[in-house]
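The values are calculated or read from the model by the stated rules, or taken from the named source; none is laboratory data. Since the model is a prediction, treat every value here as computed from it, not as a measurement. Methodologically, a virtual Cβ is constructed for each residue, glycine included, from the backbone with ideal geometry; neighbour enumeration extends over all protein chains shown. Remember, those area values only see protein heavy atoms, side chains included, never the ligands or the DNA or RNA. Shrake-Rupley method; radii C 1.70, N 1.55, O 1.52, S 1.80 Å.
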Amino acid sequence: QVQLVESGGGLVQAGGSLRLSCAASGRTFSSYHMAWFRQAPGKEREFVARITLGGYNPYYADSMKGRFTISRDNAKNTVYLQMNSLNAEDTAVYYCAASNLQSRISREYPYWGQGTQVTVSS
């Protein structure tokens with residue numbers, strides 16, 4: 001199975017930007033569709049973005065579209081989430097996940113990182 005490790009989280013001011021990274025172990029990274037989810041205190045885990053195994057057709061939750069960009073570099077076994085125009089509603093633990101399906105449903109992702117905290121101050 002693939003192991004995932006997120007990094008790049010931290011504390012930013014509203015309107016600022018962060019770039020999250022998710023590094024995958026092994027040599028089969030390119031065989032998985034990748035996604036980002038997030039979970040805020042007291043909230044359910046929600047879909048953020050996903051990208052196909054070849055890096056095509058990125059898809060975003062409506063509240064992220066136009067602000068967030070998902071990308072991947074299969075040669076580096078890494079998926080990224082560029083986050084711009086952050087606001088307090090973006091405060092959450094962000095998780096990357098891998099699946100053999102293109103999905104917005106967390107239960108369809110069997111492989112998860114442990115998350116990285118993003119805190120946006122207002």
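Taking first residues from segment 59-71 that are in contact (Cβ under 8 Å) with a residue 12 or more places away in the chain and partners that are of a type in the set (A, V, I, L, M) and part of a loop (DSSP other than H, G, I, E, B), the Cβ contacts under 8 Å between residues at least 6 apart in sequence or on separate chains come to 67/86. All conditions in (1) open to solvent by less than 30 Å² (accessible area, probe 1.4 Å); (2) within 17 Å of residue 106 (Cβ to Cβ); (3) in contact with a helix residue (DSSP H, G or I) (Cβ under 8 Å, 6 or more places away or on another chain); (4) not acidic (Asp, Glu) hold for residue 63, with the sole exception of (1).
Taken as a whole, the condition of being at pLDDT 95 or above, open to solvent by 60 Å² or more (accessible area, probe 1.4 Å) and of a type in the set (A, V, I, L, M) does not apply to residue 79. Among the candidates 37, 47, the residue that is out of contact with any Leu (no Cβ under 7 Å at 6 or more places or on another chain), open to solvent by less than 10 Å² (accessible area, probe 1.4 Å) and outside any helix (DSSP H, G or I) is uniquely 37.
The number of residues in segment 13-34 that are of a type outside the set (Gly, Ala, Ser), open to solvent by less than 50 Å² (accessible area, probe 1.4 Å) and either in a loop (DSSP other than H, G, I, E, B) or over 19 Å from residue 70 (Cα atoms) (or both) comes to 1.
Just one residue in the set 76, 43, 65 is within 17 Å of residue 7 (Cα to Cα), among the basic types (Lys, Arg) and out of contact with any strand residue (DSSP E or B) (no Cβ under 7 Å at 6 or more places or on another chain); that residue is 76.
Within segment 94-122, being free of Cβ contacts under 8 Å to residues at least 60 places away in the same chain and either open to solvent by less than 60 Å² (accessible area, probe 1.4 Å) or touching a helix residue (DSSP H, G or I) at 6+ places or on another chain (Cβ under 8 Å) (or both) holds for one residue alone: 108.
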